[in-house]
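Okay, structure first, notes after.
The values are calculated or read from the model by the stated rules, or taken from the named source; none is laboratory data. Computed from a prediction, not measured in an experiment: that's the story for all the values here. Counting neighbours? That spans all protein chains shown, and the Cβs are built from the backbone with ideal geometry, glycine included. Side chains are part of the model used for accessible areas, which takes the heavy atoms of the whole protein and leaves out ligands, DNA and RNA. Shrake-Rupley method; radii C 1.70, N 1.55, O 1.52, S 1.80 Å.
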Amino acid sequence: MIDDSRGNGFSNKRILDQEKLRSRHLYHFCKRLIDMVLGVCGLVALSPVLLIIAGAIKREEKGGTIIYRQQRVGKNGKLFSIYKFRSMCMDADKKLEELKQLNEVEGAMFKLHNDPRVTKVGKLLRRTSLDELPQLYNVLRGDMSLVGPRPPLPSEVEQYSDYDKQRLLVTPGCTGLWQVSARNEVGFHEMVELDLQYIQKSGLIYDLAIILKTIKIMIFPNGAY
């Protein structure tokens, strides 16, 4: 029985069948094949865009790094390094403690609409989700899939109830149901519900629909910050 003792209000709402998830061998094989093909194609096709973004980041803060690497929690609690275009100032992690009291969402997640740590270039990258493009490398490595729950920080997982940890039963993704349907307009618990809904309904057609909607959102942003 899943313990949801932290009282997030979703106890017994979605209890995932772990054995069923593990037994979907054909789906997992096809999903991984699609990840590899689209990941390689994406990196090749978007290489000019990647170079332009890298140049813009370097010009804005000459002494700063272009790529930001951070520890995240993947499938079954495995730690890995996620890669993103740097969208914040270099000392952003140190400034986080000062800003935690301004957090605009409840639960194990930090969101701040006008985060002072975000650079000018970073605001554009986040609004269009272009800061996520280096995660195609994570996809090729197998740390992530194109579609799945977003990988959380270790500090966030420490606050998870057993119910919340169900979102760690699958490979995390660059995009997912939460990102294309609500993104920053919902809190942590709603995000968990959307992730569990995706895991329950996941399939190749469903994944493709989310990928296509993600491309649309990158062109017509849905409130990312």
Notebook entry, point to check: To the nearest 10 Å², what's CYS41's accessible area with a 1.4 Å probe?
Noted result: 80 Å²
Note to self: With θ taken as phi - 60° and the coefficients 6.51, -1.76 and 1.60, list the Karplus ³J(HN,Hα) couplings across segment 120-135 in order, rounded to whole Hz; mark glycine and proline as x.
What the structure shows: 5, 5, x, 4, 5, 4, 5, 5, 9, 6, 5, 5, 7, 4, x, 5
Margin query: Under the rule of at least 5 residues apart or a separate chain, name every residue whose amide H is placed under 5 Å from the amide H of GLY173.
Written below: SER145, GLY148, ARG150
Next item on the list: Starting at the first residue of segment 167-175, write each ³J(HN,Hα) from the Karplus equation 6.51 cos²θ - 1.76 cosθ + 1.60 with θ = phi - 60°, in whole Hz, x for Gly and Pro.
Entry: 6, 8, 7, 10, 5, x, x, 6, 9
Item checked: Beta bridge orientation in the chain: antiparallel %, DSSP, nearest 5 -> 80 percent
Check: Which distance in nm do the two modelled labels at LYS201 and LEU43 give, with both placed 7 Å along the Cα-to-Cβ direction?
Finding: 3.2 nm
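Can you classify segment 4-117 as rounded, prolate or oblate using the Cα gyration tensor, where a ≥ b ≥ c are the square roots of its eigenvalues, rounded means a/c under 1.5, and otherwise it's prolate if a/b beats b/c and oblate if not? Numbers along the way, then the final one.
Details: a/c = 2.94, a/b = 1.18, b/c = 2.50.
Oblate, since a/c reaches 1.5 and b/c is not below a/b.
Hey, any idea what % of segment 72-178's accessible area is carbon plus sulfur with a 1.4 Å probe?
Carbon-and-sulfur percentage of accessible area, whole number: 50.
To the nearest 0.05, what FRET efficiency results for SER23 and ARG59 with a Förster distance of 35 Å applied to their C-beta separation? Present the calculation step by step, with values, prior to reporting the outcome.
On the way: r = 51 Å, r/R0 = 1.45.
Efficiency computed from Cβ-Cβ geometry: 0.10.
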Next item on the list: Compute the relative contact order of segment 88-225 as a whole-number percentage, counting only Cα pairs closer than 8 Å that sit 6 or more residues apart in sequence.
Entry: 30 percent
Next item on the list: Return the subset of LYS31/LYS120; LYS100/LYS201; LYS13/LYS100; LYS58/LYS216; LYS58/LYS201; LYS111/LYS213 for which the Cα-Cα distance in this structure is over 32 Å, preserving the input order.
Entry: LYS31/LYS120; LYS100/LYS201; LYS58/LYS201
Note to self: Solvent-accessible area of LYS123, probe 1.4 Å, all protein chains present, reported in Å² to the nearest ten, please.
What the structure shows: 110 Å²
Margin query: Counting only Cα atoms, I'd like the Rg/Rh figure for the chain, Kirkwood definition for Rh.
Written below: 0.95
Notebook entry, point to check: With every protein chain left in place, what is the accessible area per residue of the chain in square angstrom, probe 1.4 Å?
Noted result: 54 Å²
Next item on the list: For segment 44-65 and segment 136-189, compute the distance between their C-alpha centroids and round to whole Å.
Entry: 26 Å
